[in-house]
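Here is the structure we will look at, set down as structure tokens.
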Amino acid sequence: MFLRRSRHTRASGEVVVYLQLAVSVWDPEAKRARTRVLYNFGRADDAATREGLRELARSILRRVAPDELVTR
């Protein structure tokens, strides 16, 4: 599972970025991984989206200690 950034360019030239929770799923017919979006958080520049991500992070940290998280 990962946080995906989806960029869209509008007709006006403005670039809008959306944040999505996604997972890679193997497609045996195509013999490749496909991305499946589990949840759309909304626009990256929206304050409500950022607050939703903060709430999700707090919820995760209640179940998993920060020192247990693996960093790359």
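Output the residues belonging to the stretch 1-34 that are basic (Lys, Arg) and either in contact with a Ser or Thr (Cβ under 8 Å, 6 or more places away or on another chain) or closer than 17 Å to residue 53 by Cβ (or both).
We begin by selecting, within the stretch 1-34, every residue basic (Lys, Arg); these are 4-5, 7, 10, 31-32, 34.
Once the filter is applied, which keeps residues that are basic (Lys, Arg) and either in contact with a Ser or Thr (Cβ under 8 Å, 6 or more places away or on another chain) or closer than 17 Å to residue 53 by Cβ (or both), the stretch 1-34 yields 4, 5, 34.
Residues checked against (1) loosely packed, with under 13 Cβ neighbours inside 10 Å; (2) of a type outside the set (Gly, Ala, Ser); (3) closer than 17 Å to residue 5 by Cβ; (4) touching a strand residue (DSSP E or B) at 6+ places or on another chain (Cβ under 9 Å):
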position	(1), (2), (3), (4)
16	yes, yes, yes, yes
22	no, no, yes, yes
34	yes, yes, no, yes
38	yes, yes, yes, yes
47	yes, no, no, no
53	no, yes, yes, yes
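For the structure I just gave you, tell me whether residue 61 is of a type outside the set (Phe, Trp, Tyr), surrounded by 10 or more Cβ atoms within 10 Å (Cβ to Cβ) and under 10 Å from the mean Cα position of the chain (by Cα).
Details: of a type outside the set (Phe, Trp, Tyr): yes; surrounded by 10 or more Cβ atoms within 10 Å (Cβ to Cβ): yes; under 10 Å from the mean Cα position of the chain (by Cα): no.
So residue 61 does not fit the description; no.
Out of the strands (runs of 3 or more DSSP E) lying entirely within the chain, which hold 1 or more residues that are without any contact (Cβ under 8 Å) to a residue 12 or more places away in the chain and hydroxyl-bearing (Ser, Thr, Tyr)? Please lay out each step first, then the result.
Numbers: elements: 2-9, 15-27, 32-43.
Correct list: 2-9.
Values quoted throughout were computed directly from the atomic coordinates according to the rules given, and no laboratory measurement underlies them. This one's a predicted model, so the numbers in the text were calculated from it and none came from an experiment. A quick note on method: Cβ atoms are made from the backbone with ideal geometry, for glycine too, and the neighbour counts reach across all protein chains shown.
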